[in-house]
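Step one of this worksheet: look at the structure below.
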């Protein structure tokens, strides 16, 4: 098994653009755009917003716009985040995220990530279900509604439960989008 590169810096002039990803998966990526989207996501995961921004802004597809929107939501620059999410349009990750949130909101049990913030598990579960209804509409995740909820969570009067829920949804979103981009990068295209 190949090891993950120690550094995620820019490729040197003598290496190919995708040498890091090639080292990890053992082959050149099938989608240059999706491999760059993976790198934008990794930079974002580790709070390198400028590096993620530079990469995602240069990716002219819905994956790049999606990472770009997440990055601006994290800054926070909510208006700019909404601009980029509008450019995403319909994306398979939005439906997957809605499905995950719906499934988890129907459970009697809160996700482990939210338990430390649940003073009364009944109220926390009800709140999580209410927030899910705000961001899942017509079976798909509404990134604009989530931007609004994150902005609400950033206010001093917002409770820690809402902040924790937004972080948790953002983490689910990151995982689903990264997995989608990674699969696109390593899957041969049908001719």
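The values are calculated or read from the model by the stated rules, or taken from the named source; none is laboratory data. In this text, all values refer to a predicted model and were calculated from it rather than measured experimentally. Neighbour counts run over all protein chains shown; Cβ positions are idealised from the backbone, glycine included.
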For residues in segment 149-160 being in contact (Cβ under 8 Å) with a residue 24 or more places away in the chain and surrounded by fewer than 19 Cβ atoms within 10 Å (Cβ to Cβ), which is farthest from residue 32 (Cα to Cα)? 160
Checking the conditions here, which among 52, 16, 35, 56 is at pLDDT below 95 and buried (at least 16 other Cβ atoms within 10 Å of the Cβ)? 35
Quick check on my filter: what residues within segment 69-90 are in contact (Cβ under 8 Å) with a residue 24 or more places away in the chain and within 13 Å of the chain's Cα centre (by Cα)? 69, 70, 71, 73, 74, 81, 85, 88
